[in-house]
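The values are calculated or read from the model by the stated rules, or taken from the named source; none is laboratory data. On a predicted model such as this, the values are computed, not experimentally measured, just so you know. SASA here: full protein model, heavy atoms, side chains in, ligands and nucleic acids out. Shrake-Rupley method; radii C 1.70, N 1.55, O 1.52, S 1.80 Å.
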Amino acid sequence: MKKMKFIAMAIFATVVLISCDDDDTPEAVNEEEVITTMTVTLTPSTGGTAVTLQTQDLDGEGPNAPVVTVSGNLTSGVVYNGVIVLLNETESPAENITEEVEEEDDDHQFFYTIGTGLNATTTYSNFDGNGNNLGTEFALTAGTASSGNITFTLRHEPTKPNAGLSDAGGETDIEATFSVIIQ
């Protein structure tokens, strides 16, 4: 009888141990990128001087506002090739976050919002692995003389394809607005 109880307890313990499949391995966390600096370089396709738009916020959510600079004006009728570079300058040397965005292209997309008054249009020049817009490279066509804002927004895990920022969803990694003049 004692032998039977022992065997029954052993079988019960084995069943309990097997059924307690403790596979609670946490999913790998893809930490949000730290982006301190966004530089947008607009190079005229016909030659001429490039225009640089930059926002730099070295203290992140600290008390200091980002430093926003625009190196010059755009020329009416010119098509500019745009390239966006993102940096994390809290590290030394600075980490190029653009590389990570392009490696994880299915999970990222830049959006360009042309504000009221600015006569300009944009088109995407690079795409993710599925042929959807990525946007670290783009073309900007400067229309007639005007002034206004252009906003660059990087979304993490947007719905792709989408009709634009309004239905993209996802989370904003960085957003910056620049005051631009076309002459």
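Using the C-alpha atoms of region 134-183, what convex hull volume per residue, in cubic angstrom, is computed?
96
Could you work out what % of the accessible surface of region 54-173 is carbon and sulfur, using a 1.4 angstrom probe and leaving DNA, RNA and ligands out of the count?
Roughly 46 percent of what the probe reaches on region 54-173 is carbon or sulfur.
Given that compact globular proteins tend to follow 2.2 N^0.38 Å, what is the ratio of the alpha-carbon Rg of region 28-183 to that value?
1.03
So what are region 75-165's ellipsoid semi-axes, whole angstrom, largest first, if each one is the square root of 5 times an eigenvalue of the alpha-carbon gyration tensor?
25, 17, 12
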